[in-house]
Amino acid sequence: ALIANPAILAASQKVSEAESRLADMQGHRKLQLSLSGTGSGSSGQVAQPTSSQSFASVEASLTAPLPNFARAGAEVEQAAANVDVAKTQYRRTLLDVEFRTTSAAFELKRAQDAEGIAQQNLDQAMRQEADTKSRINQGDLPPADLLKAQVPVAQNRAALARAKSELKIARQNLNDLLQRDLNGSLTISTGGTMIDPHLQTTEAITEALRQGPDVVEAMATVRAAEANERIVRRGRDPDVSLQLSHMRTGDPTAYGYISTLGVTVTLPLADGGSNREQMRQARLQTDQARTALVLARQHTRLAVEQAVLNVESDEANVEATAQTASIARESLNKSRQSFAAGLTVTRDVLDAQLVLSQSLIEANSARYDLAIAQARLRQLL
C-alpha cells in the first residue's frame with residue numbers, strides 16, 4: 001500500500017515542489033547580473049562648419065542588484081519551514097496509509113476467523129440435531145426436541161452467510177488499499193505486539209510530543225509564520241543596485257566612448273498604509289500558528305492517553321474473553337457427555353453451544369481490537 005497509494009505520490013510531489021521553492025529562495029541571496037545593449041544609427045547636420053554627418057552608436061550596461069540579506073534570509077527560512085511542513089504531511093500520509101492498511105488486514109483476519117467460528121457453530125448444531133434425532137428414534141426424547149435442535153441449525157446457517165459476506169467486504173477493502181483487484185485472493189501474515197508492552201503513558205506522551213506529525217507540522221508552521229513576519233517587516237527597505245555602462249559612438253561632436261559606474265537607490269516614500277496592514281496580518285497569522293501548536297500538543301496528549309488506555313483495556317479484555325471461551329468449551333464438553341449418557345436434555349446442550357459461540361466471537365473480536373489499538377498507538381508515536 002505504501003508503494004501503490006496515490007495519496008503518497010501526491011504528498012511526495014508537494015515535498016519536491018517545496019524543495020524547489022527553497023532552492024529558488026536561496027538563489028536570491030546570491031549575486032545576480034543582467035546585461036542589456038543598445039545599437040543605433042544616426043544622421044545629422046553640424047552647424048559650424050555646416051556639414052552632414054552619419055554615425056553609429058553602441059551602448060552596453062551591466063546591472064547588479066545588491067541582495068537584501070535580511071529579507072532574503074527570512075525568505076529562505078520561510079521556504080525551509082514550508083519544506084518541513086510538506087515532509088511532515090508526507091510522513092502523516094505514510095502513517096495514515098500504514099494504519100488503514102494494518103487495520104484492514106486485521107479486519108480481514110477477524111472476518112476469516114469469524115467465518116471459521118460460524119462454520120464450527122453450524123457443524124456443532126448439525127451434530128446436535130443428528131444426536132437429537134437418534135435419541136428420539138430410541139425413545140429417549142420427545143419429538144418436540146427436534147424442533148429445538150433445528151432452530152440453532154437455521155440460525156447458524158444465516159450467521160455463516162453473514163460471515164462470508166463480511167469476509168468478502170473485508171477482502172475488498174484491503175485490496176482497494178493495495179490498488180489490486182477487489183476480489184483477488186490475499187495471504188496475510190500478521191505479526192505480534194507492535195509496541196513495547198511496558199510503555200508508560202508519560203513516556204508515550206513525551207515521544208508523541210517530540211515527533212508526532214501534528215506537533216511537528218504545527219511547529220514548522222509557526223517558523224514559517226515568524227519568517228513571513230520578518231519578510232513583511234522588510235517590505236519598505238530601499239532597493240540598491242550597481243550599474244556599469246559603456247558607450248561607443250561615431251558622433252564627431254561627442255566623446256568617442258564613455259564608461260559610467262553608478263548606484264541606483266529606490267526608497268519607498270508612501271504606500272497608503274498597505275505595509276502596516278500587511279504587518280498586522282502577518283502578526284495575526286503568527287498568533288494563529290502558535291495557537292494551533294498549543295492545540296496540536298493538547299490533542300496529541302489526549303489522543304495518546306486514550307490510546308494507551310484502549311490498549312490496556314483491550315489487553316485485559318483479551319485475557320478475560322480467552323478464559324471465558326475456555327470455560328465455555330469445557331462446559332459444552334461436559335454437557336455433551338451428560339447428554340450422551342442420558343442425564344440431560346437437548347436444551348442444556350443447545351444453551352452450552354450458544355454460550356461457547358458467543359464467547360468465541362467475543363474472544364476473536366477482542367484479539368483484533370487489541371491489534372488495532374496497538375496500531376493506533378504506534379501511529380500516534
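Some notes on this structure:
- Note on region 14-167: the C-alpha convex hull projects to 20.0 nm² when averaged across all orientations.
- Principal semi-axes in Å for region 95-242 [√(5λ), Cα gyration tensor, largest first]: 64, 19, 13
- Note on the chain: helix-only mean residue ellipticity at 222 nm, from DSSP H runs of 4+ residues weighted -39500 (n - 2.57) and normalised by residue number, equals -25000 deg cm²/dmol.
- Between Gln323 and Asp251, full extension at 0.36 nm per residue minus the direct alpha carbon distance yields a gain of 15.1 nm.
- Cα lying deepest toward the dipole's positive end in the chain, options Ala163, Thr93, Gln32, charges on Cβ: Gln32
- Mean separation of Cα contacts under 8 Å (6+ apart) over length of the chain, as relative contact order %: 23 percent
- Centre-to-centre, using Cα atoms only, region 206-221 and region 147-161 are separated by 53 Å.
- Accessible area in the full protein assembly, largest first, 1.4 Å probe, for Phe55, Phe106: Phe55, Phe106
- In summary, the helical segments of the chain meeting the span-like criteria, namely a full DSSP H run, a Cα extent along the axis of 20 angstrom or more and a mean Kyte-Doolittle hydropathy of at least 0.0, are 346-380.
- Accessible area per residue (1.4 Å probe, heavy atoms of protein chains only) ranks Phe99, Phe339, Phe69 as Phe69, Phe99, Phe339, with the largest value leading.
- Computed with every protein chain present, the accessible area of Leu146 is close to 40 Å² [probe 1.4 Å].
The values are calculated or read from the model by the stated rules, or taken from the named source; none is laboratory data. This is a predicted model, so every value here is computed, not measured. Backbone-built Cβ (ideal geometry, glycine too); neighbour counts: all protein chains shown. Note: accessible area is taken over every heavy atom of the protein model, side chains too, but ligands, DNA and RNA are not part of it. Shrake-Rupley method; radii C 1.70, N 1.55, O 1.52, S 1.80 Å.
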